[in-house]
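Below is the structure I would like to discuss, written out as structure tokens.
The values are calculated or read from the model by the stated rules, or taken from the named source; none is laboratory data. It should be emphasised that the depicted structure is a prediction, and the values quoted were computed from it without experimental measurement. Note: ideal-geometry Cβ built from the backbone for every residue, glycine included; neighbour counts use all protein chains shown. All accessible areas refer to the heavy atoms of the entire protein, side chains included, with ligands and DNA or RNA removed. Shrake-Rupley method; radii C 1.70, N 1.55, O 1.52, S 1.80 Å.
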Amino acid sequence: MTSVTRSTIRGSRGLWILLALSFVAAFVPAGTPGSITLVVGFMPVIFSLWHFTRWAGAATAWLSFLAVVVVSFTGEALGVATGLVFGNYYYPDGPLGPLLLGVPPLIQFQYFAMAYAALMVARSIGGVLTTAARGWLMVGVSAMAAFAMTLLDLASDPWHATVLQQWIWRDGGSYFGVPIHNFFGWFFETLVFLLIIQALLNRTRALATIAEPKPRGFWLQGVLLYGTFPFTIALTPLVQGSAFDHDALVIADAMVGVALFAVVPLWLAALLSLRTVKTQTP
């Protein structure tokens, strides 16, 4: 066995471990110290950067990470200051870490993991995990990934905002305290940085890395990441139920419904589409 093959196997095992730890987030009970929650919450981010690097190269992965952080932070800062992007809301001090221009920068890292997971799903369904997505196909795949990210927001925002109050809508909203305006703003913001990522993926150097044979299970890892989000949402009432009142659990039950009947079908479609992707056994 060559050293390259050993390195590939070690990398694959490391990614499986990080993916498993990403699922562990679903079992973190309410009241867990923030330091532990932060470490567990960063597992999907580390996984995404590592997996992205193996898929399309380190330069593309880090530039994509930067695109997500810059675009999403700019949108959030404008949103908090003006209320025009997502609606009239603000972040309180504490729950999500220190604030910069009224925005907790640490949350942008989580957006990157969500974006990468959504992109894996969309490119899997679009049949472009190992090839370029250009023209209208690139736009369509980006839009599908943006919808996939918006579905996650639809399934989780009322819990984080209305129940946990990690961000607060000053005027409330018709969707469990969240304004519908928020989801339109989220879709278009995510579409912007996803289009940037797609453009980065179409560079010659990135395409050469994308086209290289990948270990068996590599694509499964990427698509499984998306499943960590509805899995966490669906387990919330079971793991955290005793810590919240009846109204909070009503919201949790509704979020479970959205996760199971909107997010999961898209995820399953991506998993089924992996049958056509060529792999290489290390």
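Can you find a residue in segment 113-124 that is open to solvent by 10 Å² or more (accessible area, probe 1.4 Å) and within 19 Å of ALA161 (Cβ to Cβ)?
Checked against the condition, which is being open to solvent by 10 Å² or more (accessible area, probe 1.4 Å) and within 19 Å of ALA161 (Cβ to Cβ), segment 113-124 yields at least one hit.
A follow-up question, please. Being more than 28 Å from ALA252 (Cβ to Cβ) and crowded, with 22+ Cβ neighbours inside 10 Å is the filter here; which residues of segment 134-154 pass it?
VAL141, SER142
Say we look at segment 155-177 and pick out the residues that are free of Cβ contacts under 8 Å to residues at least 60 places away in the same chain and under 20 Å from the mean Cα position of the chain (by Cα); which of these is surrounded by the fewest Cβ atoms within 10 Å (Cβ to Cβ)?
Among them, the one singled out is HIS160.
Against the definition (touching a residue at least 24 places away in the same chain (Cβ under 8 Å) and in contact with a Leu (Cβ under 9 Å, 6 or more places away or on another chain)), how does LEU101 come out, yes or no?
Judged against the criteria, LEU101 is not a match.
Would you point out the residue of segment 44-66, among those that are of a type in the set (Gly, Ala, Ser) and open to solvent by less than 10 Å² (accessible area, probe 1.4 Å), that is nearest to MET120 (Cα to Cα)?
Residues of segment 44-66 of a type in the set (Gly, Ala, Ser): 48, 56-59, 61, 64.
Going one step further and asking which of them are open to solvent by less than 10 Å² (accessible area, probe 1.4 Å), we end up with 48, 56, 61, 64.
Details: SER48: 10, ALA56: 12, ALA61: 13, SER64: 14 Å.
Step by step, filter segment 44-66, then rank; the result is SER48.
Would you confirm, using the coordinates I've provided, whether ALA67 is of a type outside the set (Val, Ile, Thr), at pLDDT 90 or above and under 17 Å from LEU194 (Cβ atoms)?
Yes: the conditions hold for ALA67.
State whether one or more residues within segment 200-216 are under 23 Å from GLY41 (Cβ atoms) and touching a residue at least 60 places away in the same chain (Cβ under 8 Å). Walk me through it before giving the result.
Going residue by residue through segment 200-216, those that are under 23 Å from GLY41 (Cβ atoms) are none.
Scanning segment 200-216, I find no residue that is under 23 Å from GLY41 (Cβ atoms) and touching a residue at least 60 places away in the same chain (Cβ under 8 Å), so the answer is no.
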